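Participant: What follows is a single structure, and I will ask about it in a moment.
Each value in this text was obtained by applying a stated rule to the coordinates, not by laboratory testing. In this text, all values refer to a predicted model and were calculated from it rather than measured experimentally. Using ideal geometry, Cβ is built from the backbone for each residue, glycine included, and neighbour counts are taken over all protein chains shown.
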Amino acid sequence: MTGNDEARSDGTTPVAAGGGSITPFFSNDEAASFLRLSPRTLEKYRVIGGGPPFYKLGRRVFYKRVDLEDWAGRRLCDSTSDPRWRGEGR
């Protein structure tokens, strides 16, 4: 395990940005990849609601790993007929 793989006390994992700096935030594309969604789906959720919480810094949007994990964890269903499957996020 490298130093970049270690989780921080706030539940985030530092991510190396293009310039080599370390940031606890995921970009829209990184968050979408982490959740195995398309970046467009996250963009849509930001407009209509129902998506993971995000941070807006200037014009840029970022996500924390712990927020993505919490959001995904709340979508656990037993079957596709489960009312939770059809409700939230649409």
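Participant: Could you list which residues have their amide H under 5 Å from that of Phe25, counting only those 5 or more apart in sequence or on another chain, with H placed in the peptide plane?
Facilitator: Correct list: Val15.
Participant: For Arg75, Arg36, Arg46, what ranking results if the residue with the fewest other Cβ atoms within 10 Å of its Cβ goes first?
Facilitator: The fewest-first ordering by Cβ neighbours comes to Arg36, Arg75, Arg46.
Participant: If you don't mind, there's one more thing I want to ask. Under 1.5 on a/c is rounded, so check that first for region 20-85, then, if it is not, pick prolate when a/b is larger than b/c and oblate when it is not; a ≥ b ≥ c are the square roots of the alpha carbon gyration tensor eigenvalues.
Facilitator: Prolate, since a/c reaches 1.5 and a/b exceeds b/c.
Participant: Using θ = phi - 60° and the Karplus curve 6.51 cos²θ - 1.76 cosθ + 1.60, what whole-Hz ³J(HN,Hα) does each residue of region 36-45 get, with Gly and Pro shown as x?
Facilitator: For region 36-45, the Karplus-derived couplings read 6, 10, 7, x, 5, 4, 5, 4, 5, 4 Hz, x marking Gly and Pro.
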